[in-house]
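Data first, discussion second: the structure below is written as structure tokens.
The values are calculated or read from the model by the stated rules, or taken from the named source; none is laboratory data. What you see is a predicted model, and the numbers here were worked out from it, not measured in a lab. Using ideal geometry, Cβ is built from the backbone for each residue, glycine included, and neighbour counts are taken over all protein chains shown. Quick note on the areas: whole protein, heavy atoms, side chains included, nothing else; ligands and nucleic acids left out. Shrake-Rupley method; radii C 1.70, N 1.55, O 1.52, S 1.80 Å.
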Amino acid sequence: MNPSFTEKQTYLKTFNPRAYLETYYSDPEGAWVDENHLCRVLKQLHETFTSGAVKGDTLIEIGSGPTIHTLLSACEVFKELIATDYCDQNRKEIEKWWKKEPGAFDWSPIVRHVCELEGRREKHFEKEEKLRQTLKQVLKCDVTKSNPMEPRVLPPADCLLTSLCLEAACESHSVYRAALKNIVSLLKIGGHLVMMGVLEETFYMVDHTKFSCLRYDMEFVKKAVNDSGCVIDDLQMIRSPENTTDLLSDYKGFFFLVAHKERNV
């Protein structure tokens with residue numbers, strides 16, 4: 001066990017979902033080293049889910065955090081979306097938006113951007129309602145368990161989506177590899193894994209609090225995906241700008257990949 005790595009209980013006690021949202025998701029340009037980072041993510045998701053290759057009945061997002069932006073394009077091609085996260089406060093933040101409760105985070109700038117990608121910017125209210133109708137459950141998830149949804153047993157999904165999750169949840173490369181196998185077990189044979197993550201990052205900041213990240217490179221990710229029983233169909237990698245001093249994180253690059261599950265492991 002790595003004593004310096006942020007533990008689960010620390011997330012439950014100290015992670016501030018509203019500060020996280022206001023820092024990184026207040027507008028499409030966000031607050032990353034590369035100000036176009038979030039725009040690229042939304043564009044890549046739009047292209048992936050409008051390609052016709054990634055579709056089905058059910059999509060499970062692993063480690064949604066307090067966010068809904070990754071599901072905005074997915075809601076157009078899946079009948080049922082399931083958001084998950086380990087932290088109670090993150091799930092409550094999603095539910096607050098889902099149920100239109102007072103004080104919910106304003107996702108409209110992000111939603112408008114996705115609608116613009118779809119050629120219907122004026123339809124952002126309809127997009128939010130479409131996502132609310134398609135989102136069926138917000139569940140607790142622990143990627144370190146062999147069944148991450150324990151005690152629930154879910155039917156195998158057509159698509160698994162995960163973004164910026166495993167590097168924050170896994171303290172070592174071996175734990176990461178095991179966690180990836182755990183979540184891929186929720187995917188049916190032939191189903192798709194859509195995965196996003198940061199490269200060579202060791203920390204990120206939320207409201208003046210530092211949270212750990214597992215440092216890894218792209219070769220490690222590719223091998224881990226293959227070992228989980230998946231075959232990579234598409235891989236995009238973007239390096240962060242050089243000679244940039246960033247106080248929010250130290251990531252050196254970002255990857256986006258789509259794979260399909262070929263076998264059980």
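For each pair in Lys79/Lys136; Lys79/Lys188; Lys92/Lys188, compute the distance between the two Cα atoms and list the pairs where it is over 18 Å.
Lys92/Lys188
What pairs from Lys123/Lys210; Lys13/Lys100; Lys123/Lys222 go past 32 Å between their alpha carbons?
Those over the limit are Lys123/Lys210; Lys123/Lys222.
Please list, in order along the stretch 9-14, the HN-Hα scalar couplings obtained from phi with the Karplus expression 6.51 cos²θ - 1.76 cosθ + 1.60 (θ = phi - 60°), rounded to whole Hz, x for Gly and Pro.
5, 5, 4, 4, 8, 10
Please list, or write none, the aspartates and glutamates whose alpha carbon is within less than 18 Å of the alpha carbon of Lys99, excluding same-chain residues fewer than 8 places away.
Of all the aspartates and glutamates, those that pass the test against Lys99 - Cα under 18 Å, at least 8 places apart if same chain - are Glu80, Asp85, Asp88, Glu126, Glu128, Glu129.
With every protein chain kept in place and ligands, DNA and RNA left out, what is the accessible area per residue of the chain? Probe 1.4 Å, answer in Å².
45
Can you find, among Ile82, Phe125, Tyr251, the residue sitting farthest towards the positive end of the charge dipole of the chain, where Lys and Arg contribute +1 and Asp and Glu -1 at Cβ?
Ile82
Please work out the ratio of the alpha-carbon Rg of the stretch 155-204 to 2.2 N^0.38 Å and round it to two decimals.
Taking the Cα Rg and dividing by 2.2 N^0.38 Å, one obtains 1.21.
Hey, what did the chain get for relative contact order, percent, Cα under 8 Å, at least 6 apart?
This gives 19 percent for the chain.
Please report Rg over Rh for the stretch 81-232, where both radii come from the alpha carbon positions and Rh follows the Kirkwood definition.
Taking Rh as the inverse mean 1/r over Cα pairs, Rg/Rh reads 0.98.
Keeping the other protein chains in place, figure out the carbon and sulfur percent of the accessible area of the stretch 110-265, with a 1.4 Å probe.
Ligands and nucleic acids excluded, carbon and sulfur give 50 percent.
Give the Kirkwood hydrodynamic radius (Å, one decimal) of the stretch 182-265, defined as one over the mean of 1/r across all pairs of different Cα atoms.
This gives a value of 14.1 Å.
Which value results when the Cα radius of gyration for the chain is divided by 2.2 N^0.38 Å?
Taking the Cα Rg and dividing by 2.2 N^0.38 Å, one obtains 0.93.
Return the ratio Rg/(2.2 N^0.38 Å) for the stretch 58-168, where Rg is computed over Cα atoms only.
In units of the globular-protein estimate, the stretch 58-168 measures up at 1.06.
When only the heavy atoms of the protein chains count and the probe is 1.4 Å, how do Ile232, Ile62 rank by accessible area, highest first?
Ile232, Ile62
In the full protein assembly as shown, how much of Met196 is accessible to a 1.4 Å probe, in Å² to the nearest 10?
0
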